[in-house]
Amino acid sequence: MPVRLLAAVLCLVGAGSACLAEELVETGGFSLRYDETVWVREASAPPALLALRCAAPTCPPHAVATFLSDERGLPSPGFGAFGPGAATGAMIDLRIQSLTPGSRIRPRGPVEPIVSGGMTGYRGLYDIEDRALAKTAAAIALLRFDNGTLEIRMKADQLTPPGLKLFDRLVDKIEPTD
């Protein structure tokens with residue numbers, strides 16, 4: 001266990017040689033290399049394509065990343081705070097709400113544009129309130145993917161800066177497959 005802890009910490013701070021235990025997964029038209037000292041693959045039920053539990057000591061409590069495919073495409077960004085870009089941001093929040101049935105999504109701030117594996121999209125941070133009024137947090141990325149959307153959602157009891165760094169590093173390693 002101490003070796004796994006040390007490898008996870010070194011990987012988190014960016015010491016690339018410490019991240020040697022990478023697993024390659026190809027599913028649903030994309031591939032992902034993830035660090036086995038940080039993420040543990042779990043069984044996933046449809047519509048989820050892949051589920052990874054965060055197992056590193058720096059992970060937020062009960063953090064799980066799920067990958068889903070949506071047939072609807074993403075809107076393209078526009079310009080300015082009051083131009084089409086603002087409308088796109090609002091549409092992204094509405095899309096995420098539609099992908100979260102039975103819960104209310106509350107954005108923590110505006111979505112941010114991201115790029116991963118040549119795919120463009122958005123990432124946002126959210127508080128999720130279910131029907132029993134229990135609250136969880138989520139970092140959600142939506143990427144343009146094969147005329148549709150790839151959703152990557154890390155849900156946790158709370159979001160921490162180190163946990164968000166792990167999520168962003170995971171999203172950065174997604175590549176479309178031919």
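The values are calculated or read from the model by the stated rules, or taken from the named source; none is laboratory data. Just so we're clear, the structure is a prediction, and the values are computed from it rather than from any experiment. Reconstructed Cβ throughout: ideal geometry from the backbone, glycine too, with neighbour counts over all protein chains shown.
Just name the residue that is surrounded by the fewest Cβ atoms within 10 Å (Cβ to Cβ) out of those in segment 23-65 that are in a strand (DSSP E or B), modelled with pLDDT of 95 or more and of a type in the set (Gly, Ala, Ser). For segment 23-65, the residue satisfying everything is Ser31. Each residue in segment 152-162 was checked for being surrounded by fewer than 22 Cβ atoms within 10 Å (Cβ to Cβ) and either free of Cβ contacts under 8 Å to residues at least 24 places away in the same chain or not basic (Lys, Arg) (or both), and 7 of them qualify. Among the residues making up segment 146-167, those that are in a strand (DSSP E or B) and not polar (S, T, N, Q) are Gly148, Leu150, Glu151, Ile152, Arg153, Met154, Lys155, Ala156. Checking Leu143, Leu68, Leu170 one by one, the residue that is touching a Phe, Trp or Tyr at 6+ places or on another chain (Cβ under 9 Å), in a strand (DSSP E or B) and closer than 17 Å to Tyr34 by Cβ is Leu143 and no other.
Of all residues in segment 45-71, exactly one satisfies the criterion of being hydroxyl-bearing (Ser, Thr, Tyr) and over 17 Å from Phe167 (Cβ atoms), namely Ser69.
In segment 138-178, of all residues being β-branched (Val, Ile, Thr) and at pLDDT below 95, the one that is nearest to Thr88 (Cα to Cα) corresponds to Thr149.
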